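Take a look at the structure set out below.
The values are calculated or read from the model by the stated rules, or taken from the named source; none is laboratory data. All of these numbers come straight from a predicted model, not from anything done at the bench. Here Cβ is always computed from backbone atoms with ideal geometry, including for glycine, and neighbour counts include all displayed protein chains. Quick note on the areas: whole protein, heavy atoms, side chains included, nothing else; ligands and nucleic acids left out. Shrake-Rupley method; radii C 1.70, N 1.55, O 1.52, S 1.80 Å.
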Amino acid sequence: MIKNIFKNIGPGTLVAAAFIGPGTVTLCTLAGVNFGFNLLWAMVLSILATIVLQEMAARLGIISQKGLSEVIKSEIKNPIVNQFMMLLILSAIVVGNASYEAGNISGGILGLETIFGKSVLEFGGFSVNMMSLLIGAIAFVLLYIGNYKFLEKALITLVLLMSVSFIITAIVTKPNILEILKGAFVPKSPEGSLLTIIGLIGTTVVPYNLFLHASLVKEKWSQKEDLKAVRKDTIVSIVLGGLVSMAIIISAASISSGEVNNAADLAKSLAPLYGDFAKYFLALGLFAAGITSAITAPLAAAYVAKGCFGWKDGLKSKKFRFVWATILLLGVAFSSFGFKPIEIIKFAQVANGILLPVIAGVLLWVVNKKGVLGDFVNSKTQNVLGIIILVTTIFLGLRGLDKVFGFNLF
């Protein structure tokens, strides 16, 4: 029974691992500290939107047996539009993931340092964080092995560790169940909460996950009959990811005072109230969130490059390895020396701000093409939901651009 359950989970879990990174953990922490349970409904809506979009991407992957970037490249016939799309996708995903990778690794470091303390090596006038090298080495080994089944099992294990850690931490704080239900199903927008609401949606509905999911699904499944298993995997995994995010908000809501800026601060704040038990579980969860995102971000970028350039080789090819290794090594270097490539990050934010609504729109267009999906095109209900989400992603994209350029539209 348990063996059969594990046999049919995989790509969806990796998607959940990808969107619950240190940025999501930090944002959920601040949402709980500043607004209590009041913004849980935003996470519920985010998860529903993520399920709709990821199901489309996963269906596209298994039916077409192509990655999302491959389908876009083959279906957009206008050469100028095609080249623009390939450039936008590469800029947002490959450059974006390279610039965010340091944050993924740094999140894992915060988790380890909460338990073991800092470990810094002085080298030639520079201070090198040893925890960064450790996380980078683990990620490198798992990716270099190049075996999808092995990588899937390793990431599922880390996601389960993360899930158990955060959910147990939430239970330890003994929250009011009725208040949680009200927060989850009765929308409220306390004063000053708009940016946090937008952030919670934006950190869950992530463009690179659409590419990652379509590519991973065809690594695991190849038959149309497996679509039911794909959908089940998608829904169960993303709901689990949503529960983890909600557990972080619930844990943070128990802190009524003190300076809390991230999950590491939350772990320290929980220790006097609920004992080291809560602190260690939260720190383990933060470590797992950091390392899973540190693995999935380079992996997604490599799949995107593979589709955009039309590479036919698999996970062990030199080109594929070169892409993920470059992103991983940049992340390790930036996090080790504490260097923040501000201009690259700004560029990536602009590219992602444009990409999210564009890809949501293109995905909606592609999954309605009988030439691509045959009888598995979108239903009317899926299209209505897709259009609502598309409008939301346009709003999120504008918000992202506004944040970079400071237009103060929101």
Exercise. Report yes if Ala58 is assigned to a helix (DSSP H, G or I), farther than 26 Å from Leu330 by Cα and in contact with a Gly (Cβ under 8 Å, 6 or more places away or on another chain), otherwise no.
Key: yes
Exercise. Find all pairs meeting these conditions: Cβ atoms under 9 angstrom apart; at least six residues apart or on different chains; first residue within the stretch 62-77 and among the acidic types (Asp, Glu); second residue in a loop (DSSP other than H, G, I, E, B).
Key: Glu70/Gly310; Glu75/Lys369
Quiz item: Of the residues that sit in the stretch 89-134 and are open to solvent by less than 40 Å² (accessible area, probe 1.4 Å), in contact with a Leu (Cβ under 6 Å, 6 or more places away or on another chain) and farther than 18 Å from Gly23 by Cβ, which one is modelled with the lowest pLDDT?
Solution: Val128
Practice problem: Filter the stretch 190-199 down to the residues that are part of a loop (DSSP other than H, G, I, E, B) and touching a residue at least 40 places away in the same chain (Cβ under 8 Å), then identify the one that is farthest from Ser293 (Cα to Cα). | Solution: Pro190
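Residue-by-condition table, conditions (1) crowded, with 18+ Cβ neighbours inside 10 Å; (2) modelled with pLDDT of 85 or more; (3) out of contact with any helix residue (DSSP H, G or I) (no Cβ under 7 Å at 6 or more places or on another chain); (4) outside any loop (DSSP other than H, G, I, E, B):
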| site | (1), (2), (3), (4) |
| --- | --- |
| Ile156 | yes, yes, no, yes |
| Val164 | no, yes, yes, yes |
| Ile167 | yes, yes, no, yes |
| Leu178 | no, yes, yes, yes |
| Ile201 | yes, yes, no, yes |
| Thr204 | yes, yes, no, no |
| Tyr208 | yes, yes, no, yes |
| His213 | yes, yes, no, yes |
| Leu216 | yes, yes, no, yes |
Quiz item: Looking at Phe334, Phe322, which is the one that is surrounded by fewer than 19 Cβ atoms within 10 Å (Cβ to Cβ), assigned to a helix (DSSP H, G or I) and out of contact with any Gly (no Cβ under 8 Å at 6 or more places or on another chain)?
Solution: Phe322
Exercise. Scan the stretch 257-265 and give yes if some residue there is outside any helix (DSSP H, G or I), surrounded by fewer than 24 Cβ atoms within 10 Å (Cβ to Cβ) and within 19 Å of the chain's Cα centre (by Cα), otherwise no.
Key: yes
Quiz prompt | Residues located in the stretch 37-88, provided they are open to solvent by 10 Å² or more (accessible area, probe 1.4 Å) and among the β-branched types (Val, Ile, Thr) | solution = Val44, Ile47, Ile51, Val52, Ile63, Ile76, Ile80, Val81
Practice problem: Determine if the stretch 287-296 includes at least one residue that is farther than 19 Å from Leu87 by Cβ, open to solvent by less than 20 Å² (accessible area, probe 1.4 Å), touching a residue at least 12 places away in the same chain (Cβ under 8 Å) and in contact with a strand residue (DSSP E or B) (Cβ under 7 Å, 6 or more places away or on another chain). | Solution: no
Exercise. Within the stretch 180-189, count every residue that is aliphatic (A, V, I, L, M), open to solvent by 80 Å² or more (accessible area, probe 1.4 Å) and not in a helix (DSSP H, G or I).
Key: 0
Practice problem: Out of Gly374, Gly361, Gly353, report the one residue that is over 30 Å from Gly146 (Cβ atoms), within 23 Å of the chain's Cα centre (by Cα) and surrounded by fewer than 20 Cβ atoms within 10 Å (Cβ to Cβ). | Solution: Gly361
